[in-house]
1. On a 0 to 90° scale, report how tilted helix 142-158 is relative to the longest principal axis of the chain, with both axes built from alpha carbons and the result rounded to the nearest 10.
2. For region 130-135, in order, what is each residue's ³J(HN,Hα) by Karplus, 6.51 cos²θ - 1.76 cosθ + 1.60 with θ = phi - 60°, in whole Hz (x at glycine and Pro)?
3. Can you run phi through the Karplus equation (6.51, -1.76, 1.60; θ = phi - 60°) for region 50-56 and list ³J(HN,Hα) in whole Hz, with x for Gly and Pro?
4. With a point put 7 Å past each Cα toward its Cβ, work out how far K68 is from D80 in nm, to one decimal.
5. Identify the GluC sites (Glu not before Pro) of region 46-112 meeting these criteria: DSSP loop state and at most 11 other C-beta atoms within 10 Å of the C-beta.
6. Could you check which residue among F21, F34, F66 shows the biggest mean-square fluctuation in a GNM of the chain with a 10 Å Cα cutoff?
7. Most fluctuating residue of K100, K135, K32 in a GNM of the chain with Cα springs under 10 Å: which is it?
8. From the phi angles alone, apply the Karplus equation (6.51, -1.76, 1.60; θ = phi - 60°) to region 7-17 and give each ³J(HN,Hα) in whole Hz, x where the residue is Gly or Pro.
Amino acid sequence: MNIQSVYLGEVDVSDESILTFPHGLPGFTDEKHFVLIDLPDNPAFHIFQSTENAELAFIVANPYLFFKTYEFDLDDASVDQLDIASEADVSVFVILTLQKPFEKTTANLQAPVIINRSAKKGKQIILNTSEYTTKHAIAPSASDEKEADSHARTQSETE
C-alpha cells in the first residue's frame, strides 16, 4: 500500500508493517495506524509515520543507543493492552525534537513509545517519574564528558 510521508513523499509499505495504536497517541487520539520507516542512510533513526495523515510523523530512536541506564516499569494494564507475552517482542522508541545544530537534539524520555512487534500493537506511555523529562540531550555536552571521565578515573583509582 502507498502512503504519503511528510519526510519522504510517497512510500510503499506492506500491510504487515502497520502498527495499531488502539487509543491513538496523546494529543492525536484519532490517529490509530502508524508505520516505522527506516531513515535512509541512518539506521539509528526511524520515521514514525501515520498511515492516514502525511503531516503526522516523528523522528524516533531506540533510547538505549543514547541512554544506557534508561529504565522504567511497564504497568500491567499496558502489558495487557499490548498483548505482551514476552519481553523479546517489545521495542521501545523515544520521540526526538530535532535541533540545529543536530548536537542539540533532544529525546522525550518521559513518554516512550512501546511496540509489541508480534501483535503489531503500540502505545505511548507517560511515565510518572521526575527522573525523566521531555528534553534529554542525545549528545553529551563537554561538561558531561568531563564529569564521566572524572568519575571513571576516580572509580579506577579506588579499585
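What follows is calculated from the coordinates using simple rules that are stated; it is not laboratory data. Only a predicted model underlies this, so the values are computations on that prediction, with no experimental measurement involved. As a convention, Cβ positions derive from the backbone with ideal geometry for all residues, glycine included, and neighbour counts pool all protein chains shown.
1. 60 degrees
2. Ordered by residue, 3J(HN,Hα) equals 8, 5, 10, 10, 8, 9 Hz.
3. Once θ is set to phi - 60°, the couplings for region 50-56 become 5, 7, 9, 10, 4, 7, 9 Hz.
4. Label at K68, label at D80, 3.8 nm between them.
5. Details: sites: E52, E55, E71, E87, E103; in loops: E52, E55, E71.
Sites meeting the loop and neighbour criteria: E55, E71.
6. Greatest mean-square fluctuation among the candidates belongs to F66.
7. K100
8. Residue by residue, region 7-17 yields 8, 10, x, 7, 10, 8, 10, 7, 4, 5, 8 Hz.
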